[in-house]
Structures are given as structure tokens and as C-alpha cells.
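A short worksheet on the structure shown next.
Here, each number is a calculation from the coordinates, and none is a lab measurement. Predicted model only: the values in this text are computed from it and were never measured. Cβ placement follows ideal geometry from the backbone for every residue including glycine, while neighbour counts extend to all protein chains displayed.
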Amino acid sequence: MSQREVTHTYRSYLTGFILALILTAIPFALVWTGAMAVGTTLVIIAIAAVVQMLVHMYFFLHLNLRTTPRENLLALAFAAVLIFIMVGGSLWIMFDLHHRMMG
Amino acid sequence: MTIADTPTTDHGTLELGGGKAFEEREFGFWLYLMTDAIIFALMFATYVVMSGNIAAGPDAKSLFDLQHTAGETFLLLLSSITFGFATLSSLENQNNRVIFWLVVTACLGAGFVAMEVSEFVGMINAGAGPGTSGFLSAFFTLVGTHGLHVTAGIVGILVMVGQIAVKGLTNPVRSRLYRLGLFWHFLDIVWIGIFSVVYLPGILS
């Protein structure tokens, strides 16, 4: 946990900030202008969000495969699996229910 | 300004955080953040399920303001990098600069909370309070919980400023600053989820 990583430089923080700014500006601009179809825009919003979260994790939380202790990554992976099962399962059940009740 | 230029402290710490003695606390805090991530994830799931249930009340499109959300997003993103500058200053043992950047971060965070509160008050006055519909219950729960976290983070930053001013950058203080930084950056990640799941699709619909 306490190992210092390569991302602890001003240059690295600024890189992360600029990447995050671009990844925020893209979805906001698309929604603002309405340049693309709603479905396409939603897909781009989702992709930009996932990429921006990874940018924050790497540049600001300093997570990486080299210096982050294994138990921290394991805890993160475990949380990700739990979130996938619980969120994915909840949405599956609720939308299936909705479909059967209303369909 | 890079790591290579960083002087070592009296304790010989070349490490982030408080060193070996604090690794367990830092891992414990990481576990707490993971549980917090699960709480937020389930509130997101609840919101997505409830977002269509407007009960003849106002819908997302009529309530959300893209410019307002963009402003909040920018303040929080900016506060993430100013906290990063505080962390870097702590690695360079520049106590006053750490305090300066922490105060800037707290101000940006306070600006964010103020914008959120004004948004909530405006919605409630317009008859779109949390009791109006399932959609608004889920909205206020999710966004309000994030806002409470940010408020707690601001209190943490102010306590941190006091500790650095009084005690200096001792190893326990470094460990607390490190954990507070994890918390602050984590909240910015949750906000990415909020504007991508709540605000942008809401305005788009």
C-alpha cells in the first residue's frame, strides 16, 4: 500500500486531469448538442465513464499491477465481482419482472 | 519536482502514507472503501430501476440542468487534482504548501456541496421533493449520500489542516493524509457514475 508509484509526479497528475477533462467533455458535449442518436450517445457515455474511472484509478488512486499490494487488488476484484452479481442480478430480475407484468 | 528530487524524512521514509507501521490501517481503510463502493453500486441499481417511476410528477428532463451538473463536475474534478498537489507537497515535506492545497481542495468541495444544496432546495421548492415519486426518492438517496460523503470529506480535510499545523507531517499524520486522499479521489470516481447514470441519460431521455 505505501509504496510510492511512478504516478506521484506533477506531470502525471496533470496528465490524469487533462484526460479526465476530455473524457468528461465528450459525453457532456454530445448531450448538449444532441449530435448523435440517443442510443449511440448512451453507449459513448458508458464507455467514457468506464475509461474515466480507470484514468482516475491509475493517476489519482495510483492503482497498478506493479506496486499496488496484491491484497488491495484482490479486495478490489472481490468488490467488483460482488457489484457485478448484485447490480447485474437486480437489474435482470427487475426488468424481467417489468417486462412480464407490462408486456 | 519529481520523486527523484524528494528528500527523505528524518524517519527515512521514502514511502507514501505512514510507512510499515500503518500498512494495516491503510489496508483496512481500503476495505472500507470497497464496501462503500458496494453501497453506492446498489443505490445506482435502485436508481436505474426506479428512474422511470415518476408517478405523474416531474421527470428527469424537466428537473436537471446540464450546465449546473457540468459546474459541479468541474469543481469536483479540480478538487481531485488539488488534493493530488497536497499529496505531492507532503512527499516534498512542504508543510505550508500541503495546508495551502488542502484549503483550496476544501473550498472547491464546499463549492460543490453548495451547488448541490441549491439544486436540491430548488427542486423541493418546485414540488419535486424526495416524497414525490419513486424516481425522486432514489435520486435524493443516491446523490444525497454522495453529497454527505463529500461533506464528511471536507470536515476531514479541515481536521487534517489542523493536525498538520499543530503536529507537522509525522508518520501518523502522513498515514491519515494518505487515507483521506483515497477517500477524496474515491468520491470523484463515484461522481463520474452519478453524472453518467443519473444526469446525462436523464437530460437525454
Problem set entry | CD proxy at 222 nm, helix term only [per DSSP H run n ≥ 4: -39500 (n - 2.57); per residue of chain A; nearest 500] | -27500 deg cm²/dmol
Exercise. Looking only at Cα atoms, what is the convex hull volume of chain B per residue, in Å³?
Worked result: 114
Exercise. What is the local net charge at B:V113, summed over the other residues whose Cβ is closer than 13 Å to its Cβ (Lys, Arg +1; Asp, Glu -1)?
Worked result: -3
For this session: Calculate the mean, over all residues of peptide A:27-33, of how many other protein chain Cβ atoms lie within 10 angstrom of the residue's Cβ.
Result: 5
Exercise. Could you give the angle, 0 to 90 degrees to the nearest 10, between helix B:171-194's Cα long axis and the longest principal axis of the Cα atoms of chain B?
Worked result: 20
Exercise. Quick one: what do you get for region B:46-98 if you divide its Cα Rg by 2.2 N^0.38 Å?
Worked result: 1.95
For this session: Just report the Cα centroid separation between region A:42-66 and region B:30-73, whole Å.
Result: 19
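Where a ≥ b ≥ c are the square roots of the eigenvalues of the C-alpha gyration tensor, would you call chain A rounded, which needs a/c under 1.5, or, failing that, prolate if a/b is larger than b/c, or oblate?
Since a/c reaches 1.5 but b/c is at least a/b, the shape of chain A is classed as oblate.
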Problem set entry | chain B - charge dipole about Cα centre, Lys and Arg +1 at Cβ, Asp and Glu -1, debye rounded to 20 | 240
Problem set entry | Per-residue mean of C-beta atoms belonging to partner chains within 10 Å, peptide A:66-73 | 2
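Averaging the inverse of every distinct alpha carbon separation and then flipping it gives the Kirkwood radius. What is it for region B:39-158, in angstrom units?
So the Kirkwood estimate lands at 15.8 Å.
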Problem set entry | Packing-based ranking, highest mean first, of B:31-44, B:181-194 given that Cβ atoms within 10 Å are counted | B:181-194, B:31-44
Seminar exercise, completed: Applied in sequence order to region A:81-86, the curve 6.51 cos²θ - 1.76 cosθ + 1.60 (Karplus, θ = phi - 60°) yields integer Hz couplings, x standing for Gly and Pro, of 5, 4, 4, 4, 5, 6
Seminar exercise, completed: Charge dipole of the protein assembly as shown built from unit charges on the beta carbon (Lys, Arg +1; Asp, Glu -1), centred at mean Cα; most positive-end Cα among B:A138, B:F64, B:V121 is B:A138
